[in-house]
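The values are calculated or read from the model by the stated rules, or taken from the named source; none is laboratory data. Just so it is clear, the structure is predicted and the values come from calculations on it, not from any experiment. Cβ sites come from the backbone with ideal geometry, for glycine too, and all protein chains shown count toward neighbours. The protein model used for the area step is the full one, side chains on, heavy atoms only, and it has no ligands, DNA or RNA in it. Shrake-Rupley method; radii C 1.70, N 1.55, O 1.52, S 1.80 Å.
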Amino acid sequence: MRIILLLLSIALVSVAEAAEYAVVVARNSPIEALDSERLRDIFLRRRSFEGNIPLVPVNLLGEEAVRTQFESQVLQMDRGQINQYWVTSHFQGIKPPATQASLQSIKTFIERVDGAIGYLPISMVDDGLKVLHEF
Amino acid sequence: MTLVEFRVVGACLVLCLLHLPVMAQDSGYEIGLGKSVNDWLTLGGYFSTEYEKSSDVDQLQLDDVAVMAYGEFSNRFSYLLELESVNAYVANLERDTTSSNFPPTIERLYIDYKRSDHVSVRVGKQITPVGYWNQQPINVLRETSSNPRFSKEMVPKFLTGIDVHGFAPLGEDLTYHVYLQNSRDMDEANINIKPVSHYGFALAKQYGKGWRIGGSAGQFKEAMGSTSSTRTFTRYWQANGRFDNERYSLIAEGIINSESAVGAGRERSKAVYVQGEYRYRPRHSLISRLEYFHDTGVTVPERIGILGYSFRPVFPVSLKFEYQWHQESSYNRFVSSFSVLF
């Protein structure tokens, strides 16, 4: 009985900790994986390349759960800190990443634009996309 | 414009701007981020007003008015243009006189080429990539209305030339700049030092999210008769450190200059400041700064203490008050400012 309870609790913890979202690129991209530090630099536009490949980060418009989760877990910033960062960057002539209005349009954007990188719920990832990082 | 009209217009402007965040939200425009027309054109700008009161100064001024345009031609090429009117309108409240200076000057004009994250090239008139204060020179982005003397008198604020910069291949969070100027400035109005040549390098290293340290070294040659008829050639060594978390910021910068003059010996000057900011509530913060400045040509070094308060209804709108205590008490003064980045 104890063993069953132990296995059950391990399973529950695993379910609770399973990642819901993923940072993705097109399946044909040569990029295989990126850590969260590198992703932070890319989405804050401190870095624009992976190797020699120019990157095009794309954000979801608004404050949907996937975006706020990405900001808190990967960028490790809240919305106020992010706004402050982009205001300062505006003076430096740097714009925030492009946005798309829906998750479906993000998926299409990533599949069609060379170097595009964005985030989606794992449930939307199919054969046309490659997962670089889960969160 | 008379002084009374200036005050009325100024008061209306402040009221409008304090409501701007609400109005802007309704129109889809986000204040502080400019108006993006397309990939190759984003428009923006900023302005600041300043009031200063001391034993012999009682002055209100429209300090800076600037417009900016920037954009990307491709993944690798981008540009930025900034035109600015400095001291656009000054009202001397003690003498009841006014003056204006609206013709704009070229503050920045450059093209960027990104070869990789390790090598980018900026060509044109740009901010000299030295330290922190110099690279965030506009009132609205600063913590206080006033600048430390460090940032005004020791290094040319602008560079008309080339800057090669990027992430150093040696370390993930190490960035570098190597810069060179070998001409006069593109527009010599409103610059602090007028060099005919200037070159140097800067390094910065980020440690985690909070700590950042850096330094730079370089030398510049001034045009005769620009800021001083005797100073011609200056070498500088500069260091900076910074710590930030959600509630506190601590910044320190120091510099040593070695200046050689025509027909005279070598003079050294040094400046250092330490500044702390405590964000005690969202949008409200207290700032204190201690400055030390010593020019060997002057017998008594200057020490300045500053206590200030900053209120930002939103980050790109800033209302600041400060009081400065100088070693020579007749220089003590009160300064307040209102500034907006749009």
Can you tell me which residue is least open to solvent (accessible area, probe 1.4 Å) among those in the stretch B:278-293 that are of a type outside the set (Ser, Thr, Tyr) and over 21 Å from the mean Cα position of the chain (by Cα)? B:HIS284
If A:ASP126 passes every condition in (1) among the charged types (D, E, K, R); (2) free of Cβ contacts under 8 Å to residues at least 24 places away in the same chain; (3) part of a helix (DSSP H, G or I) but one, which one does it miss? (3)
Determine if the stretch B:85-98 includes at least one residue that is open to solvent by less than 20 Å² (accessible area, probe 1.4 Å) and either outside any strand (DSSP E or B) or within 14 Å of chain A (Cβ to nearest Cβ) (or both). no
Residue pairs, Cβ under 8 Å, 6 or more apart or interchain, first in the stretch B:316-342 and within 14 Å of another protein chain (Cβ to nearest Cβ), second outside any strand (DSSP E or B) and open to solvent by 70 Å² or more (accessible area, probe 1.4 Å). List them. B:PRO316/B:PHE342; B:VAL317/B:LEU18
Does B:VAL65 satisfy being in contact with a Phe, Trp or Tyr (Cβ under 8 Å, 6 or more places away or on another chain) and not in a strand (DSSP E or B)? no
Condition set of a type outside the set (A, V, I, L, M) and in contact (Cβ under 8 Å) with a residue 40 or more places away in the chain, scope the stretch A:78-94, selection most open to solvent (accessible area, probe 1.4 Å): answer is A:TYR85
Just one of the numbered conditions (1) away from chain A (no Cβ under 14 Å); (2) open to solvent by less than 20 Å² (accessible area, probe 1.4 Å); (3) of a type in the set (A, V, I, L, M) is not true of B:ILE162; which one? (2)
Determine if the stretch A:66-77 includes at least one residue that is at pLDDT below 95, within 11 Å of chain B (Cβ to nearest Cβ), farther than 18 Å from B:LEU43 by Cα and open to solvent by 40 Å² or more (accessible area, probe 1.4 Å). yes
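For the stretch A:46-65: of the residues being of a type in the set (Val, Ile, Thr) and open to solvent by 10 Å² or more (accessible area, probe 1.4 Å), which is nearest to the other protein chains (Cβ to nearest Cβ)?
Our first condition is that a residue be of a type in the set (Val, Ile, Thr); within the stretch A:46-65, this holds for A:53, A:56, A:58.
With the extra rule that they be open to solvent by 10 Å² or more (accessible area, probe 1.4 Å), the set shrinks to A:53, A:56.
Working: A:ILE53: 10, A:VAL56: 8 Å.
For the stretch A:46-65, the residue satisfying everything is A:VAL56.
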Scanning the stretch B:27-56 for residues that are β-branched (Val, Ile, Thr), surrounded by 14 or more Cβ atoms within 10 Å (Cβ to Cβ) and over 17 Å from B:THR144 (Cβ atoms), which turns out farthest from the other protein chains (Cβ to nearest Cβ)? B:ILE31
Can you report the number of residues in the stretch B:182-205 which are outside any loop (DSSP other than H, G, I, E, B), open to solvent by 50 Å² or more (accessible area, probe 1.4 Å) and not basic (Lys, Arg)? 3
Search the stretch B:208-222 for residues that are within 14 Å of chain A (Cβ to nearest Cβ) and pair each with any residue that is basic (Lys, Arg) and open to solvent by 20 Å² or more (accessible area, probe 1.4 Å) when their beta-carbon atoms are under 9 Å apart and the residues are at least 6 apart or on different chains. B:GLY210/B:ARG242; B:ARG212/B:LYS205; B:ARG212/B:ARG242
Name the residues in the stretch B:238-266 that are of a type in the set (Asp, Glu) and buried (at least 17 other Cβ atoms within 10 Å of the Cβ), would you? B:GLU253, B:GLU259
Consider the stretch B:305-325. How many of its residues are over 18 Å from the mean Cα position of the chain (by Cα), farther than 17 Å from B:GLU50 by Cβ and surrounded by 15 or more Cβ atoms within 10 Å (Cβ to Cβ)? 2
